[in-house]
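Visitor: The structure under discussion is supplied below as structure tokens; questions concerning it will follow.
The values are calculated or read from the model by the stated rules, or taken from the named source; none is laboratory data. Every value quoted in this text rests on a predicted model; they were computed, and no experiment measured them. Cβ placement follows ideal geometry from the backbone for every residue including glycine, while neighbour counts extend to all protein chains displayed. For the accessible areas, the whole protein counts, side chains as well, though only heavy atoms, and no ligand, DNA or RNA atoms are used. Shrake-Rupley method; radii C 1.70, N 1.55, O 1.52, S 1.80 Å.
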Protein chains: 2
Amino acid sequence: MSTKNKILDAAEKLFADKGFNGTSLREITSLAEVNLAAVNYHFGSKKELIKAVMSRYMDELSPRLESALVNICQSTAQPSLTEVFSAFVEPLLALNDFQEHGTTNFLQLLGRGYTDSQGFLRWFLTTSYPNVIDNFVEAVHKAYPELSAEDMFWRLHFTMGTIVFTMSSSDALMDIARNDFSNDIDIGGVIRQVIPYVAAGVAAPV
Amino acid sequence: MSTKNKILDAAEKLFADKGFNGTSLREITSLAEVNLAAVNYHFGSKKELIKAVMSRYMDELSPRLESALVNICQSTAQPSLTEVFSAFVEPLLALNDFQEHGTTNFLQLLGRGYTDSQGFLRWFLTTSYPNVIDNFVEAVHKAYPELSAEDMFWRLHFTMGTIVFTMSSSDALMDIARNDFSNDIDIGGVIRQVIPYVAAGVAAPV
DNA sequence: ACACAGTTTAAACAAGTGTTTAAACTAACG
DNA sequence: CGTTAGTTTAAACACTTGTTTAAACTGTGT
């Protein structure tokens with residue numbers, strides 16, 4: 001395994017766990033078992049490393065997501081909101097083949113990106129991967145045409161919040177669920193729990 | 001104004017804005033125009049200062065919330081979920097009388113507390129103010145008795161996520177909304193937008 | 001006027017941060 | 001072999017972090 005990938009893997013795990021601000025380059029390089037200076041040699045700066053970690057996932061996820069959403073839009077004239085949201089499940093779970101704990105890590109990172117580092121990651125993602133958002137908006141509009149652009153805007157952000165926040169604390173939540181309900185649950189189970197919730201939220205009457 | 005309160009006010013604003021990890025004591029004391037050592041003299045440590053900032057709000061909010069929820073439970077045999085969630089509006093907006101931008105600041109701080117500082121604040125809040133959660137769970141159960149304890153658990157956390165995430169980026173979202181829809185909106189407007197969403201989400205069929 | 005508790009202050013502390021430097025190493029090619 | 005480009009390394013850089021120290025200041029009660 002190359003030094004570059006060792007750094008990316010270690011950074012991903014630590015960023016997801018403790019946030020971008022909360023993780024030092026020394027923690028990353030010592031988990032990756034490489035020299036401290038390797039980060040700046042291969043990536044230039046910590047900020048660029050953060051972008052690289054996110055890009056690795058987005059480049060994997062974005063085309064799958066795009067085709068899944070386009071597929072929904074073309075196959076049925078008016079898909080249900082549940083169908084639209086379910087389009088996310090397979091591409092997201094596919095990240096587990098790409099990397100160990102890929103789904104959880106990516107969603108946690110996404111959550112971190114929205115709150116840590118005063119939102120520079122949000123800017124980076126929305127400008128680098130606008131198709132994902134556009135396709136999603138189009139699919140939701142087909143499923144629920146009466147929804148005004150403004151209401152759509154708010155509800156999509158509410159949905160984003162639900163997903164991202166849930167996933168960024170999903171480890172803790174799954175532990176509690178296992179304890180209180182002695183019901184073993186994995187990340188796929190959480191996703192299946194959240195879909196009816198967000199679908200109903202977006203579908204709420206105005 | 002006492003030094004203690006000057007510190008609390010400055011810390012609150014900066015914590016809400018840049019997170020707990022992202023704010024240094026030097027930033028706080030220089031905004032508060034007090035000496036650096038004053039924080040450790042009056043609060044003991046940064047961690048205790050964070051608790052103090054949150055407690056100031058929770059002590060104000062918690063009784064109002066409790067009576068509003070108890071009121072709902074006693075007045076009607078089976079309240080609607082919208083009524084339950086609406087019980088939060090007045091107590092939350094009342095924080096604006098208590099402090100300038102009190103509502104926004106508090107909700108942003110709550111969001112920070114869940115992601116920053118590996119969740120020690122979540123522990124602090126749930127153990128220090130359990131009545132709020134208990135009352136809320138009871139009210140939701142009255143409104144939607146068919147919901148199993150496990151589904152309730154997940155949906156309440158989804159709701160928490162929606163609220164907290166939305167509010168922690170509400171400034172940015174309100175700016176976008178103003179630009180794209182030339183529709184002036186304040187924090188109360190955001191709250192009124194989010195209630196139908198979470199009510200429908202919690203009410204979703206299982 | 002004195003003493004004393006409460007508070008404020010400047011300075012220093014040790015530890016941790018991201019980044020840079022220049023020397024050492026590694027492998028491939030002429 | 002010797003050269004060269006790519007990579008790794010230990011050490012240092014300048015700076016920021018939370019916390020502590022001991023001296024100075026404040027007002028109140030005797």
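Visitor: Within the stretch B:114-147, how many residues turn out to be more than 25 Å from B:F15 (Cβ to Cβ) and either surrounded by 14 or more Cβ atoms within 10 Å (Cβ to Cβ) or touching a strand residue (DSSP E or B) at 6+ places or on another chain (Cβ under 7 Å) (or both)? Spell out the reasoning first.
Guide: At the first step, the residues of the stretch B:114-147 found to be more than 25 Å from B:F15 (Cβ to Cβ) are B:134-135, B:137-147.
Next, from what is left, pick out any that are either surrounded by 14 or more Cβ atoms within 10 Å (Cβ to Cβ) or touching a strand residue (DSSP E or B) at 6+ places or on another chain (Cβ under 7 Å) (or both): B:135, B:137-144, B:147.
Here the count works out to 10.
Visitor: Can you list residue pairs whose Cβ atoms sit under 6 Å apart, with the first residue in the stretch A:26-55 being of a type in the set (D, E) and the second being surrounded by 16 or more Cβ atoms within 10 Å (Cβ to Cβ)? Count only pairs 6 or more apart in sequence or on different chains.
Guide: Once the first residue is of a type in the set (D, E) and sits in the stretch A:26-55, its partners that are surrounded by 16 or more Cβ atoms within 10 Å (Cβ to Cβ) give A:E27/A:L14.
Visitor: Looking only at the stretch A:137-151, decide whether some residue is under 27 Å from B:F153 (Cα atoms), within 13 Å of chain B (Cβ to nearest Cβ) and of a type in the set (F, W, Y).
Guide: The answer is no, given that none of the residues of the stretch A:137-151 is under 27 Å from B:F153 (Cα atoms), within 13 Å of chain B (Cβ to nearest Cβ) and of a type in the set (F, W, Y).
Results for (1) over 18 Å from B:K47 (Cα atoms); (2) out of contact with any Phe, Trp or Tyr (no Cβ under 6 Å at 6 or more places or on another chain), shown as yes or no for each residue.
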{"residue": "B:S67", "(1), (2)": "yes, yes"}
{"residue": "B:V84", "(1), (2)": "yes, yes"}
{"residue": "B:F88", "(1), (2)": "yes, yes"}
{"residue": "B:L95", "(1), (2)": "yes, no"}
{"residue": "B:F98", "(1), (2)": "yes, yes"}
{"residue": "B:T115", "(1), (2)": "no, yes"}
{"residue": "B:L125", "(1), (2)": "no, yes"}
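Visitor: Hey, which of the helices (runs of 4 or more DSSP H) in the stretch B:41-126, taking only ones fully inside, have at least 2 residues that are among the basic types (K, R)?
Guide: Because the criterion is at least 2 residues that are among the basic types (K, R), the helices (runs of 4 or more DSSP H) in the stretch B:41-126 that meet it are B:46-75.
Visitor: Of the residues in the stretch B:19-40, how many are within 10 Å of DNA strand C (Cβ to nearest atom) and either within 14 Å of chain A (Cβ to nearest Cβ) or outside any helix (DSSP H, G or I) (or both)?
Guide: Counting residues in the stretch B:19-40 that are within 10 Å of DNA strand C (Cβ to nearest atom) and either within 14 Å of chain A (Cβ to nearest Cβ) or outside any helix (DSSP H, G or I) (or both) gives 4.
Visitor: Quick test for you: out of A:A11, A:A16, pick the one residue that is in a helix (DSSP H, G or I) and modelled with pLDDT under 95.
Guide: The unique qualifying residue is A:A16.
Visitor: Determine whether B:H157 is at positive phi and not polar (S, T, N, Q).
Guide: Working: at positive phi: no; not polar (S, T, N, Q): yes.
Against the criterion (at positive phi and not polar (S, T, N, Q)), B:H157 does not qualify.
Visitor: So, in the stretch B:164-179, of the ones that are without any contact (Cβ under 8 Å) to a residue 60 or more places away in the chain, at the interface with chain A (Cβ under 7 Å from one of its Cβ atoms) and part of a helix (DSSP H, G or I), which residue ends up surrounded by the fewest Cβ atoms within 10 Å (Cβ to Cβ)?
Guide: Of the stretch B:164-179, the ones without any contact (Cβ under 8 Å) to a residue 60 or more places away in the chain are B:164-166, B:169, B:172-179.
The next check asks that each one be at the interface with chain A (Cβ under 7 Å from one of its Cβ atoms); those that pass are B:164-166, B:169, B:172-173, B:177.
Retained after the next criterion (residues that are part of a helix (DSSP H, G or I)): B:164-166, B:172-173, B:177.
On the way: B:V164: 21, B:F165: 27, B:T166: 25, B:A172: 15, B:L173: 20, B:A177: 21.
Looking at the filtered set, the residue picked out is B:A172.
Visitor: Also: For the structure I just gave you, tell me whether A:L14 is of a type in the set (A, V, I, L, M) and without any contact (Cβ under 8 Å) to a residue 60 or more places away in the chain.
Guide: On the way: of a type in the set (A, V, I, L, M): yes; without any contact (Cβ under 8 Å) to a residue 60 or more places away in the chain: yes.
Considered against the rule, which asks whether it is of a type in the set (A, V, I, L, M) and without any contact (Cβ under 8 Å) to a residue 60 or more places away in the chain, A:L14 comes out as yes.
Visitor: Taking only the stretch A:148-163 into account, find how many residues are among the charged types (D, E, K, R) and surrounded by fewer than 22 Cβ atoms within 10 Å (Cβ to Cβ).
Guide: 2
Visitor: Of the residues that sit in the stretch B:41-67 and are within 16 Å of DNA strand C (Cβ to nearest atom) and closer than 18 Å to B:G119 by Cα, which one is most open to solvent (accessible area, probe 1.4 Å)?
Guide: Once the filter is applied, the top-ranked residue is B:K47.
Visitor: Among the residues of the stretch A:183-206, write down those that are within 10 Å of chain B (Cβ to nearest Cβ), in a loop (DSSP other than H, G, I, E, B) and open to solvent by 40 Å² or more (accessible area, probe 1.4 Å).
Guide: Residues of the stretch A:183-206 within 10 Å of chain B (Cβ to nearest Cβ): A:183, A:185, A:189-190, A:193-206.
Cutting the leftovers down to in a loop (DSSP other than H, G, I, E, B) gives us A:183, A:185, A:204-206.
Scanning the stretch A:183-206 gives A:N183, A:P205, A:V206.
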